[in-house]
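These notes concern the structure reproduced below.
What follows draws every value from the coordinates through simple rules; no lab data is involved. Please read all numbers here as calculations on a predicted model, not as lab measurements. Glycine also receives a Cβ, built like all others from the backbone with ideal geometry; neighbour counts cover every protein chain displayed.
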């Protein structure tokens with residue numbers, strides 16, 4: 001959905017749709033359950049799209065490097081969210097005390113609005129800082145990508161991200177098929193390269 005809104009916002013279908021599909025496939029295996037907080041995939045999508053437009057990147061190899069650079073930010077924002085949840089546990093305890101002591105002082109809506117405001121502020125500031133840092137880092141490594149511009153294409157990237165979708169199946173036969181296919185592809189590429 002975020003990819004769709006970014007397309008409406010920017011007016012660029014490509015490469016935004018490719019970036020959105022790549023991250024959707026990549027994070028497919030990381031389903032939030034229990035206390036597990038998955039990496040912030042929205043940050044990756046927004047940061048990669050914004051910086052792709054800012055630097056006017058065209059080649060998949062350049063955009064792929066940008067997408068890789070956003071991955072640590074996704075994990076860092078997940079840590080911030082975990083820290084914020086622990087901090088909000090204190091408010092939950094306060095709500096419990098207020099509901100038991102005096103019902104007239106029970107106003108959870110104020111704490112909910114405060115929590116939502118804090119969550120938005122923390123994520124927004126961290127995302128802006130992350131995007132700014134990435135805008136400083138990317139020009140330093142851009143020259144390393146020129147040899148890959150003709151080799152790396154979107155189908156390659158989407159197939160690589162699709163490995164996570166296969167891992168999400170949790171079926172041994174799918175893993176065996178994946179490893180067998182990867183080995184066949186490696187043998188074919190080696191045979192093509194040397195013979």
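Output the relative contact order of the chain, whole-number percent, from Cα pairs under 8 angstrom with separation of 6+ residues.
Worked out over the chain, it gives 30 percent.
Shape analysis of region 47-124 places it in the prolate category; the axes a ≥ b ≥ c from the Cα gyration tensor give an a/c of at least 1.5, with a/b above b/c. Per residue, the chain reaches -26000 deg cm²/dmol at 222 nm when only DSSP H runs of four or more residues are counted, each adding -39500 (n - 2.57).
Classification of region 1-132 by its C-alpha gyration tensor yields a prolate form. The axis ratio a/c (a ≥ b ≥ c) is 1.5 or more, and a/b outweighs b/c. Computed as a quarter of the hull surface, the mean projected area of the alpha carbon convex hull for region 52-190 stands at 13.2 nm².
Ranked by the mean number of other Cβ atoms within 10 Å of their residues, highest first, the peptides 185-193, 68-76 fall in the order 68-76, 185-193.
Placing a pseudo-label 7 Å from each Cα along the Cα-to-Cβ vector at residue 189 and residue 21 gives an inter-label distance of 2.0 nm.
Length available on full extension from residue 36 to residue 180: 0.36 nm per residue minus the Cα-Cα distance, which gives 48.7 nm.
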